[in-house]
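Below: the structure, in structure tokens.
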Amino acid sequence: MSNSALQIESYALGMFQTNAYVLTNPATGESIVIDPGMDPEILLDALIEKNVVAILLTHAHLDHIGGLNQVRAMTKAPVYIHPIEQEWLTNPDLNGSSRWNLPQPIVCERAEQELEDGQVLELAGLKIDVLHTPGHSPGSCSFVIGQHCFGGDVLFAQSIGRTDLPGGDFETLMASIQDKLFELDDETIVYPGHGPKTTIDTEKTFNPYVTGMLR
């Protein structure tokens with residue numbers, strides 16, 4: 001399947017405006033959801049006519065899993081996460097929701113599938129390369145489909161993920177960006193967890209957090 005054939009929809013959800021992505025392969029009629037965030041009503045509406053076969057989580061902070069229970073109930077699709085953050089789904093202290101004044105803390109069931117670095121998933125007729133890209137959180141993963149990269153909160157347009165939350169580490173994040181994401185083709189489009197999409201070349205050239213650290 002060509003890159004141009006992949007249908008990508010994005011929805012900025014909840015008070016953190018977290019990007020949820022719906023990827024659809026027209027050849028199979030199947031879809032994948034990445035990071036179903038908080039207040040997912042518009043996402044749920046978009047999924048009514050979709051055949052969702054998997055839910056991929058870049059990581060398990062509250063704003064990326066806030067709508068997981070609803071999407072899971074609607075689609076019956078299996079959830080994929082890095083094993084380091086498996087327990088974050090069930091523990092509000094780990095996913096951070098206990099620290100916010102929410103109607104109720106976020107508690108989800110464990111994921112059915114666990115991810116590993118270098119793994120290639122075959123879902124919805126797509127080949128998805130899994131990169132373990134910690135630093136923002138210890139289990140953060142990026143999903144690469146051709147020249148599309150869904151990286152969660154690792155790399156943003158002219159910014160990077162925060163590292164002051166539990167399990168975050170600046171040096172680890174920079175290594176993930178430099179040694180994993182910046183090894184992708186320069187034309188690769190990066191779809192971040194917040195804000196607009198960008199490209200690897202743009203961030204190598206203009207991102208003030210990383211341009212001075214390139215080897």
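Based on Cβ point charges of +1 for Lys and Arg and -1 for Asp and Glu, what charge dipole magnitude is obtained for segment 113-215 about its Cα centre, in debye rounded to the nearest 20?
260
Would you mind telling me the share, in percent, of accessible area of the chain contributed by carbon and sulfur at probe 1.4 angstrom?
Carbon and sulfur: 49 percent of the exposed surface of the chain.
Given Cβ point charges of +1 (Lys, Arg) and -1 (Asp, Glu) and nothing else, what value in debye, to the nearest 20, does the dipole of the chain about its Cα centre take?
220
What number, in percent, do you get for the relative contact order of segment 76-154 if the mean sequence gap of Cα pairs under 8 Å and at least 6 apart is divided by its residue count?
24
Relative to the compact-globule scaling 2.2 N^0.38 Å, provide the ratio for the alpha-carbon radius of gyration of segment 121-205.
1.02
How many times 2.2 N^0.38 Å is the alpha carbon radius of gyration of segment 26-171?
Cα-based Rg divided by the globular estimate yields 1.01.
Could you provide, to the nearest whole Å², the per residue accessible area of the chain with probe 1.4 Å?
44
The values are calculated or read from the model by the stated rules, or taken from the named source; none is laboratory data. Quick caveat: nothing in here was measured; it's all calculated off a predicted structure. Note that we place each Cβ from the backbone using ideal geometry, even for glycine, and neighbour counts take in every protein chain shown. SASA here: full protein model, heavy atoms, side chains in, ligands and nucleic acids out. Shrake-Rupley method; radii C 1.70, N 1.55, O 1.52, S 1.80 Å.
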